[in-house]
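Bear in mind these aren't lab numbers, they're just calculated from the coordinates by the rules spelled out. Because the structure is a prediction, the values reported are computed rather than measured. Cβ placement follows ideal geometry from the backbone for every residue including glycine, while neighbour counts extend to all protein chains displayed.
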Amino acid sequence: MGKNTSLLDALPSGQGTLHVVMLGLDSAGKTTALYRLKFDQYLNTVPTIGFNCEKVKGMMGKAKGINFLVWDVGGQEKLRPLWKSYTRCTDGIVFVLDSVDVERMEEAKMELMRTVKAPENSGVPILVLANKQDLPGAREPRELEKLLGLTELSNGHLWHVQPACAITGDGLQEGLEVLYEMILKRRKLAKMSKKKTR
Ligand SMILES: Nc1nc2c(ncn2[C@@H]2O[C@H](COP(=O)(O)OP(=O)(O)OP(=O)(O)O)[C@@H](O)[C@H]2O)c(=O)[nH]1
Ligand SMILES: [Mg+2]
């Protein structure tokens, strides 16, 4: 593939399908979440080397019936430099977080902030899936917002922290709905600023 071509460019994008990229540290639960969304059941996973990609349908609220093409990218440290080739031209980013793994919260924050602040991701809505809420000691969204540095971001950034459990599926569709609303909001804001500059 050419130097300036991303995997997203290489695939035909179905009409009305939104592209979503799932990132996060290894073992956060990305693949478990993807398979739960796609097959509505718990499937055993192995660490992702490369990526998985599935088309998923929104089931709730405004997102009902909307198709999302979800890219789930391996989160091991050596694979993270590849993330940027998946976030090119994406409609939304889902950052999956292990809400119990306090020891790696700083590392998660660093990777999340690197992604949020990358110029090429400017304005792309970020849904943080606060995963593994079924485990004792899971941190609550309010605390995670602070730990991840989201509350320090300027108003221009669209983000939301959604509590979830990828094993049961709790919170996943709710997260997609919020992400969809943020994508719509971004488009509306872009239209308004275009009108202003005319
Ligand atoms: N208790 C609990 N375990 C979970 C949850 N989600 C995922 N797991 C477990 O966490 C482990 C890692 O899950 P994966 O989905 O493979 O993690 P990943 O983010 O895809 O990891 P990489 O592919 O290495 O980036 C597995 O043993 C899952 O069963 C959850 O919500 N609760
Ligand atoms: Mg995986």
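Among GLY92, GLY58, GLY156, determine the one that fluctuates most according to a GNM of the chain built with springs between C-alpha atoms less than 10 Å apart.
Result for the chain, Cα springs under 10 Å: GLY156 fluctuates most.
Does region 41-143 classify as rounded, prolate or oblate by the C-alpha gyration tensor (a ≥ b ≥ c root eigenvalues; a/c under 1.5 gives rounded; else a/b over b/c gives prolate, otherwise oblate)?
rounded
I'm a student and want to see the number: the projected area of the Cα convex hull of the chain, averaged over all directions, in nm².
Reported value for the Cα convex hull: 11.8 nm².
Find how many whole Å separate the alpha carbon centroid of region 170-196 from the alpha carbon centroid of region 80-148.
If we compute the Cα centre of each part, the gap is 18 Å.
Is region 137-198 rounded, prolate or oblate when judged by the Cα gyration tensor, a ≥ b ≥ c being the square roots of its eigenvalues, rounded requiring a/c under 1.5 and prolate requiring a/b larger than b/c?
oblate
Would you list SER99, SER154 from fewest to most Cβ contacts within 10 Å?
SER154, SER99
Residue by residue through region 154-168, which ³J(HN,Hα) values in whole Hz follow from phi under the Karplus form 6.51 cos²θ - 1.76 cosθ + 1.60 (θ = phi - 60°), with glycine and proline marked x?
6, 4, x, 8, 9, 8, 7, 9, 10, x, 7, 9, 5, 5, 8
Arrange the following residues from fewest to most other Cβ atoms within 10 Å of their Cβ: ARG80, ARG187, ARG198.
Ordered by Cβ neighbours within 10 Å, fewest first: ARG198, ARG187, ARG80.
Please order VAL100, VAL128, VAL56 by the number of other Cβ within 10 Å, starting at the fewest.
By the 10 Å Cβ count, ascending: VAL100, VAL56, VAL128.
List the residues, sorted by chain then number, that are 5 or more residues from MET59 or on another chain and whose placed amide H is less than 5 Å from its amide H.
The answer is GLY65.
GNM on the chain, C-alpha springs below 10 Å: top fluctuator among MET22, MET110, MET182?
In the Gaussian network model the winner is MET110.
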